[in-house]
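First the structure, in the form of structure tokens, and then the observations on it.
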Amino acid sequence: MISESENRHRHEVIERITTQISRHVLAHYPTPLMRAKRLSETLDGTELWFKRDDLISFGLGGNKIRGLEVMLADALAKNANWLVTGASVQSNHVRATAAVAAYAGMGCTAVYWGKPPATVDGNYRVTKMLEAAFHFTHDDDRASVDTHIQQVTVKLREQGQRPYAIPRGGACVMGVFGHVLAVFELYQQCLAQGLEPDAVVLAVGSGGTYAGWLLGIKLLNLPWKMHCYTVSREPEQVSQQVADLATEAAALLKLDWIFGVSDTPVHGGFIGQGYGIPSPEAAEAIKRVGRTEGILLDPVYTGKAMAGFLHELQSKQFDAKKIIFVHTGGEPAFFSGKGDWLNTSHRAV
Ligand SMILES: *Cc1c(COP(=O)(O)O)cnc(C)c1O
């Protein structure tokens with residue numbers, strides 16, 4: 001049981017920190033916290049819950065909206081009229097940014113690594129429809145996006161625009177704050193629903209979301225253990241990035257907390273052949289969750305995180321009993337690319 005005084009203290013923290021973070025709310029909150037009843041029955045005593053950030057109602061949703069709500073408030077305060085960001089052509093973050101720019105009446109430039117793809121589908125189709133300007137780096141190195149975002153920003157400024165640059169994947173302090181607020185939201189929801197989880201499972205890309213969860217959990221002193229699965233970078237690399245972002249965000253809140261890689265463990269081993277390439281393990285996890293819960297995971301992030309989680313649960317590397325899986329969204333990836341990577345057989349009646 002949570003003690004009365006601890007609860008009161010946490011509410012004070014929530015109140016104090018929330019007033020320090022400007023947010024332009026774009027969707028309906030809280031997103032549902034749902035028990036995965038049928039799936040849990042197959043998990044040998046583990047009770048699994050989904051935090052449904054895939055149901056964020058704005059611009060096809062996903063966790064990226066939470067970060068963008070804080071960035072939008074910051075951009076408006078700085079009188080910006082143009083959002084510049086980047087990642088891969090199938091990026092959820094870029095699609096969400098283009099939707100935010102449209103909503104705010106701002107311009108938007110999407111910087112993508114590589115060359116223009118042959119097919120227009122998935123998130124790329126949506127981002128195109130939203131009339132973002134495109135800039136391809138013609139370099140397959142993902143980091144090429146970073147320098148090109150800078151170049152595009154300088155050019156826009158020379159043209160008299162007031163650009164607001166958002167780092168690749170949305171991994172920046174403002175974004176981190178959006179996810180701190182998600183922890184506050186979930187805590188209050190757990191109280192209301194009488195749930196005391198002991199672990200939270202999350203897919204990790206560029207690390208901003210994890211940094212926010214880490215900071216939020218520390219701010220409230222919650223006994224929630226984070227289990228994070230990388231889907232793109234190597235675990236050591238993303239661990240460092242998460243620690244740096246969390247430290248930077250804490251400093252802005254005037255807390256001298258230094259996070260190191262020992263605070264930010266990341267599970268590897270479930271990327272498969274690479275970022276954005278569906279893996280057989282993720283396909284199995286997607287089918288299992290879809291067929292027991294009617295919840296659609298995505299092949300790029302949540303499917304791989306779920307594959308990692310189910311694997312570790314099976315090999316008894318988890319001692320947690322009540323676990324919340326943060327469904328961060330990403331379904332548009334379902335509608336991009338060819339091939340039956342789900343390996344679904346035809347069923348006769
Ligand atoms: C971006 C993304 C993540 C990971 O968020 P990061 O902040 O980049 O680590 C997880 N799930 C989905 C669906 C995403 O689009």
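Going by what's in this entry, would ALA348 be described as surrounded by fewer than 19 Cβ atoms within 10 Å (Cβ to Cβ) and not assigned by TED's automatic domain parsing to the domain that holds LEU222? So ALA348 fits the description; yes. In this structure, LYS287 qualifies as under 26 Å from GLY61 (Cα atoms) and open to solvent by 20 Å² or more (accessible area, probe 1.4 Å).
Go over the candidates GLY303, GLY290, GLY329 one by one and state the one that is closer than 20 Å to ASN92 by Cβ, outside any loop (DSSP other than H, G, I, E, B) and in contact (Cβ under 8 Å) with a residue 24 or more places away in the chain. Talk me through it step by step, then tell me what you get.
Working: GLY290 fails: in contact (Cβ under 8 Å) with a residue 24 or more places away in the chain; GLY329 fails: outside any loop (DSSP other than H, G, I, E, B).
None of the other options fit; the residue is GLY303.
What tally of residues in the range 19-37 results from selecting those that are farther than 18 Å from PRO197 by Cα and touching a helix residue (DSSP H, G or I) at 6+ places or on another chain (Cβ under 7 Å)? Walk me through how you get there before you give the answer.
Pass one, the range 19-37, residues farther than 18 Å from PRO197 by Cα: 19-29.
Checking the rest, the ones that are also touching a helix residue (DSSP H, G or I) at 6+ places or on another chain (Cβ under 7 Å) come to 21-27, 29.
Residues flagged as farther than 18 Å from PRO197 by Cα and touching a helix residue (DSSP H, G or I) at 6+ places or on another chain (Cβ under 7 Å) within the range 19-37 amount to 8.
Applying the condition of being away from the ligand (no atom under 16 Å from the Cβ), part of a helix (DSSP H, G or I) and among the aliphatic types (A, V, I, L, M) to the range 306-321 and asking which residue is surrounded by the most Cβ atoms within 10 Å (Cβ to Cβ) yields LEU310.
Kindly indicate which of SER279, SER345 is free of Cβ contacts under 8 Å to residues at least 12 places away in the same chain and among the polar types (S, T, N, Q). Reasoning before the result, please.
Details: SER279 fails: free of Cβ contacts under 8 Å to residues at least 12 places away in the same chain.
Being free of Cβ contacts under 8 Å to residues at least 12 places away in the same chain and among the polar types (S, T, N, Q) holds for just one of SER279, SER345, which is SER345.
Regarding the range 224-245, can at least one residue be identified that is more than 9 Å from the ligand (Cβ to nearest atom), in contact with a Leu (Cβ under 8 Å, 6 or more places away or on another chain) and open to solvent by 10 Å² or more (accessible area, probe 1.4 Å)? So far as the range 224-245 goes, yes, one or more of its residues are more than 9 Å from the ligand (Cβ to nearest atom), in contact with a Leu (Cβ under 8 Å, 6 or more places away or on another chain) and open to solvent by 10 Å² or more (accessible area, probe 1.4 Å). For the range 254-282, which residues satisfy the criterion of being under 19 Å from the mean Cα position of the chain (by Cα), among the β-branched types (Val, Ile, Thr) and under 22 Å from ILE217 (Cα atoms)? Residues satisfying the conditions are THR264, VAL266. Taking the listed residues VAL266, VAL201, VAL261, the one that is within 13 Å of the ligand (Cβ to nearest atom) and more than 19 Å from LEU186 (Cβ to Cβ) is VAL266, with no other qualifying.
The values are calculated or read from the model by the stated rules, or taken from the named source; none is laboratory data. Bear in mind that the values here come from a model prediction, so they are computed numbers and not experimental data. Please note: Cβ atoms are built from the backbone with ideal geometry, for glycine as well, and neighbour counts cover all protein chains shown. To get the accessible areas, we keep the full protein, side chains included, count just its heavy atoms, and leave off ligands, DNA and RNA. Shrake-Rupley method; radii C 1.70, N 1.55, O 1.52, S 1.80 Å.
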